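The block underneath contains the structure these notes are about, expressed in structure tokens.
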Amino acid sequence: MTIFILTAFPVTAVAIKTKNKELRATALSCTTTAVLAGVTEPAMFGVNLRYKKPMIGVVAGSFVGGLFAGFFHVNAYSFGTTSGLFSFPGYMGAQGVSNVVFAVLSCVIGFAVTFVVTYILYKDEAEG
């Protein structure tokens, strides 16, 4: 689940850092669709793979967030509802609320790592 939402955060870093108004508008709309609905293709193909550095941020954030989730044995009890923010109820199950808390924490950690890595690595390039 985190990879779907994490795809949005390097795009947000690009939107904040870029001076290109068209790229900023594209990045902000991609962030919205990825976070709310889990539709990550615009973010993935429109920004992350196109500029390459944001994809490094996705990989780093996914690794750290996944490591945290694995360490605390986060389990998903339901799949297929959605991939965005509304998928967190799928983590409620036998472990109670602690499983949801650790799932949210793994996402927050992944968000932070993804955003920071992308913000550091991304440099505005001249289109050409």
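The angle between the Cα long axis of helix 53-71 and the longest principal axis of the Cα atoms of the chain comes to about 10 degrees, rounded to the nearest 10. Per-residue ellipticity at 222 nm computed for the chain from its helices equals -19500 deg cm²/dmol, with DSSP H segments shorter than 4 residues left out and the rest contributing -39,500 (n - 2.57). Largest GNM mean-square fluctuation among THR26, THR114, THR40, using the chain with Cα springs under 10 Å: THR26.
Fewest-first ordering of VAL97, VAL35, VAL116, VAL11 by other beta carbons within 10 Å of each residue's beta carbon gives VAL97, VAL116, VAL35, VAL11. Diffusion of the chain by Stokes-Einstein, at 25 °C in a medium of 0.890 mPa s and with Rh set to the Kirkwood radius over alpha-carbon pairs, works out to 167 µm²/s. Once the C-beta distance of SER78 and ARG50 is scaled by a Förster radius of 35 Å, the resulting FRET efficiency is 0.55 to the nearest 0.05. Considering only SER62, SER87, SER78, the mean-square fluctuation computed in a Gaussian network model of the chain, springs between alpha carbons under 10 angstrom, is largest for SER78.
If only the Cβ of Lys and Arg carry +1 and only the Cβ of Asp and Glu carry -1, the dipole of the chain around its Cα centre is close to 240 debye. In plain terms, the chain from ILE120 to ASN20 could stretch by 34.2 nm, reckoned as 0.36 nm per residue minus the Cα-Cα distance. Here is the list for region 19-89: chymotrypsin sites (Phe, Trp or Tyr not before Pro) lying in DSSP coil, each with at most 11 other C-beta atoms within 10 angstrom of its C-beta, are PHE79. List the trypsin sites (Lys or Arg not before Pro) within region 1-103 that fall in a DSSP loop (any state other than H, G, I, E or B) and whose Cβ has at most 15 other Cβ atoms within 10 Å. For trypsin sites (Lys or Arg not before Pro) across region 1-103 that sit outside H, G, I, E and B with at most 15 neighbouring Cβ atoms in 10 Å, the list reads LYS19, LYS52.
None of the figures in this text is laboratory data; all of them are computed from the coordinates on show. Since this is a predicted model, take the numbers as computed values, not measurements. Note that we place each Cβ from the backbone using ideal geometry, even for glycine, and neighbour counts take in every protein chain shown.
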